[in-house]
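> Following this message is one structure expressed as structure tokens.
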Amino acid sequence: MSLLDLVLLLLVLGLGGVLLLRRKGEDRSAQEARELLEAARREAREVLEAARKEARDILEAARKEARDILEAARQEAKALRQEAEVRAKAQREEVEAELRRRLEAAEAEAKKRLEEAGERLKAEREELRAERERLRSLQEELKEERERLKAEREELRREGERLAKRAEALDARAARLEETEAELVRKEEALKAEARALEERLKEVERRLYEVAGLTPEEARRLVLERLDRELEEEKAQRVRAALERARLEARREAQKILAQAMQRQASETAAQLAVTVVPIPSDAMKGRIIGREGRNIRAFEALTGVDLIIDDTPDAVLLSSFNPIRREIARMALEELLKDGRIHPSRIEEVVEKAKQEMKTFIYERGEEAALEAGVVGLKPGLIQLLGRLHFRSSYGQNVLKHSIQVAHLAGIMAAELGLDAALARRAGLLHDIGKSVDREVEGSHVEIGIALARRFGEPKEVVDAIAHHHDPDNAETLYAVLVAAADALSAARPGARRESLEEYLQRLEALERIALSFPGVETAFAVQAGREVRVIVKPEKISDAKATLLAREIASRIEKEMNYPGQVQVTVVRETRAVEYAR
């Protein structure tokens, strides 16, 4: 029993005594209460003294037991410390032995790697020496290229001087034309005066006819009207020819303006086909990596390639937009390489784009070599082959210009061989006739003017230069090769299916042209030739005069314009022929 328990017991006894006293009431005397209280106190003191003694005995026993346990713990801890020191010494010896073994292996490995690094350094030195030699050769080539460019600049300067002289000549010619126009105005006034005089004279002749011929006024009037009809018909035909000529000159300027407006208004419908490339990506999460932090990746890509990178809601795809097909193809190659590699940052983009440009140069040169080999043309200079390969990315009305040039080369060579001309030279002229289209987006001027300058720069024969200059204007050609190339160019471009036109539509267009021409009176037969670019109408000479032939051509052309849709223009040629046949017996 603890001291706390004894105290609690005393308190309980005291309270019990108090309660007992209260219960007994006043019937007990105070003396009894004091006796009872005194007896309870004595008993409590005895119990408290016994409890104290018992507590001292228990505490002494606990102290002795604790000392024994502490001593045993000290002995055990000493034994464990000695055992731990022995184990630690053994482990330290093992670790030192293991470290010595690893150090020896590391020294051997380092020695081996040092030897390998020496070998690599030696190989890199050899490569650096070879690279220096290559750079030296490139510097020499650059020097030669600079000399060539200097010569070209001199040629351009001389060409500019020639153009300035030509402009002066044109100004002088314009002044002469103004003087001629003023002279024509004066002549027109004189002709009007003569016409009035002729009218007065005609009245006088009519009056005399009545008197001399003895004709009635009706008969005389009929004869005069018939003659006037013939004269007016011829004059009307002449006026129509003059009006058509003026209309052509004015229509050319107006047509350029109208075409420019039409192309601007309709460009949006075809821009997606001609200027956009779709590149698939593994997932939409890749779009964020392509854009980069604060858009730095996409800005670097667009600046290096010159192509707009469009990232929108299109699933698993991005768009490359540019009107330059070569730049768009370089951008496609670079973007696919970046997506395959997975590392997308500005320095990596620059490296991949430069690699794609080099691969594109090789690809273009290979396409040019293949085209020259397929066309059977040899001896082309590397620069010309590079320009020829660029035509692989050029199209005209949906027809690939490089394939078109190869076809023209074959056709021109076949026709030249049949005519006894140089077939190889004809193939060369046919292959190069559209060479100006390879850079017409980058250089001012038409593809004909650019092609002439390129052919002269690379030293092509005069027959080739003439074919390039007149393959759209064979009437002014100086050699037969230009005529052959023009014919081959028309055949390649106009064959069914070559330029976005099905065979059925092609035949229907030819039939419609012939049907319109045959619907006019006096027409004997009509033929649509040159793939529908020309209609030749043969008329009956006894019904259609020369003057009426001009009017008929105009009427047929007007009806074709109203009723048909066709690319380019359609030439209407009316043929009137009178044959006199007699036999000698």
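The values are calculated or read from the model by the stated rules, or taken from the named source; none is laboratory data. All of these numbers come straight from a predicted model, not from anything done at the bench. When we count neighbours, we look across all protein chains shown, and the Cβ atoms used for this are built from the backbone with ideal geometry, even at glycine. What goes into the accessible areas is simple: the full protein's heavy atoms, side chains included, and nothing from ligands, DNA or RNA. Shrake-Rupley method; radii C 1.70, N 1.55, O 1.52, S 1.80 Å.
> Going by average Cβ neighbours within 10 Å, how do the peptides 64-75, 319-330 rank, with the highest at the top?
Output ranking for 64-75, 319-330: 319-330, 64-75.
> With +1 on the Cβ of every Lys and Arg and -1 on the Cβ of every Asp and Glu, and nothing else charged, how large is the dipole of segment 411-483 about its Cα centre, in debye rounded to the nearest 20?
Value, rounded to 20: 280 debye.
> Using just the Cα positions, wrap segment 18-167 in a convex hull and report its mean projected area in square nanometres, one decimal place.
One quarter of the hull surface, i.e. the mean projection, equals 39.8 nm².
> Order 303-309, 432-438 from most to least packed using the mean count of other Cβ atoms within 10 Å.
432-438, 303-309
> Hey, can you grab everything whose amide H is under 5 Å from the amide H of residue 574? Only 5+ residues off in sequence or another chain; H modelled, so Pro and N-termini drop out.
Residues meeting the criterion, in which the H sits 1.01 Å from N, are 537.
> Something else: Cross-link partners among aspartates and glutamates for residue 111, C-alpha distance below 16 Å, same-chain residues fewer than 8 apart left out?
119
> Would you list, by chain and number, the lysines whose Cα falls below 29 Å from the Cα of residue 192, excluding same-chain residues fewer than 8 positions away?
203, 236, 548
> When all protein chains stay in place, what accessible area (Å², nearest 10, 1.4 Å probe) is found for residue 192?
100
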